[in-house]
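The values are calculated or read from the model by the stated rules, or taken from the named source; none is laboratory data. Keep in mind the model is a prediction, meaning the values are calculated, not measured. For neighbour counting, all protein chains shown are included, and Cβ atoms are generated from backbone atoms with ideal geometry for every residue, glycine included. To get the accessible areas, we keep the full protein, side chains included, count just its heavy atoms, and leave off ligands, DNA and RNA. Shrake-Rupley method; radii C 1.70, N 1.55, O 1.52, S 1.80 Å.
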Amino acid sequence: MTRYLLISLLFLICGCSSSYNHLQRTAGDVHCLDKFRPDFSDALYYTQVNVIGKHLSGLLLIKTMPDSSTRIVFSSEAGFKFFDFGFAADGAFKVYYIIDEMNKKAVVTTLRKDFEIIMMHPYSMQNGYVKRGIDSAYNHYTFPQEKGFNYYITDAGCNNLIRLERASKRKAVVRIDILDYKNGVPDSIGITHTNFNFNIGLKRLEKLTGGN
């Protein structure tokens, strides 16, 4: 019985504790994040995806459309399309195409949420507030979602964006590192999921224009 109680107590401690318990709500302006909002008017990335035991690589295009929606298309370098998503400003999401191997609800939902937090989609950035740990050097700009939270983590002065996290109430389910903004567009993006083997790496490519 004693052993059972000890195991039960350990389960409760490990299962119910939160990585975010040390954070306390504090004063701050979430609009300081506006300067980090990517300008994905027409950005092209070399992309590698490891998901459900498969490795995919190719080109991912993020483009703002005339109706202010955003289109994200991932295809092989030979032009074979892996997926084609649309994100409307009002939060509507549309799958124009996705290969059968990725056409699983969990995969599509995960991709949607990953790109929404990266794009700082207005739909996902409502009712935000700031949290900080005691003696912490970081601010957690917190945006409640239908399930869990989106966190944009900056230094105390909101001068540098350290990383992004999507989280349940207890822990991060995905960590996103965004590096080297150039002309408002990140040069590199790394997406790491903690619940299952699903990782994405993006490296920006300069598009060739004009000339011979």
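Just a few scattered comments:
- Test: residue in the stretch 172-180 that is farther than 19 Å from Leu60 by Cβ, assigned to a strand (DSSP E or B), touching a residue at least 12 places away in the same chain (Cβ under 8 Å) and open to solvent by less than 40 Å² (accessible area, probe 1.4 Å): yes
- Condition met for Asp84 (of a type in the set (Asp, Glu), out of contact with any Leu (no Cβ under 8 Å at 6 or more places or on another chain) and open to solvent by 40 Å² or more (accessible area, probe 1.4 Å)): no
- Of note, Tyr123 does not satisfy the criterion of being closer than 22 Å to Ala43 by Cβ and at pLDDT 95 or above.
- Qualifying positions in the stretch 48-69 - buried (at least 18 other Cβ atoms within 10 Å of the Cβ) and touching a helix residue (DSSP H, G or I) at 6+ places or on another chain (Cβ under 7 Å): Val51
- Single residue of the stretch 70-103 satisfying the filter (touching a helix residue (DSSP H, G or I) at 6+ places or on another chain (Cβ under 7 Å) and in contact (Cβ under 8 Å) with a residue 40 or more places away in the chain) that is nearest to His121 (Cα to Cα): Thr70
- Asn195, sole failed condition from (1) at pLDDT 90 or above; (2) not in a strand (DSSP E or B): (1)
- Tallying residues that are on the phi > 0 side of the Ramachandran plot and either open to solvent by 70 Å² or more (accessible area, probe 1.4 Å) or hydrophobic (A, V, I, L, M, F, W, C) (or both) within the stretch 71-81 yields 0.
- So Glu101, is it in a helix (DSSP H, G or I) and over 18 Å from the mean Cα position of the chain (by Cα): yes
- Apart from one condition, Phe40 fits all of (1) within 23 Å of Arg204 (Cβ to Cβ); (2) in a loop (DSSP other than H, G, I, E, B); (3) touching a helix residue (DSSP H, G or I) at 6+ places or on another chain (Cβ under 9 Å); (4) free of Cβ contacts under 8 Å to residues at least 40 places away in the same chain; the exception is (4).
- Total residues in the stretch 37-47, condition of a type in the set (Phe, Trp, Tyr) and open to solvent by 20 Å² or more (accessible area, probe 1.4 Å): 1
Here's the yes/no breakdown for (1) open to solvent by 80 Å² or more (accessible area, probe 1.4 Å); (2) not acidic (Asp, Glu); (3) not in a loop (DSSP other than H, G, I, E, B):
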site	(1), (2), (3)
Val95	no, yes, yes
Ala106	no, yes, yes
Asp114	no, no, yes
Asn127	yes, yes, no
Asn150	no, yes, yes
Cys158	no, yes, no
Arg166	no, yes, yes
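- In the stretch 139-167, the residue that is nearest to the chain's Cα centre (by Cα) out of those that are of a type in the set (Gly, Ala, Ser) and closer than 15 Å to Asp114 by Cβ is Ala167.
- Test: Asp90 is among the charged types (D, E, K, R) and not in a strand (DSSP E or B): yes
- Here Tyr141 meets each of (1) surrounded by fewer than 19 Cβ atoms within 10 Å (Cβ to Cβ); (2) touching a helix residue (DSSP H, G or I) at 6+ places or on another chain (Cβ under 7 Å); (3) in contact (Cβ under 8 Å) with a residue 40 or more places away in the chain with one exception, condition (1).
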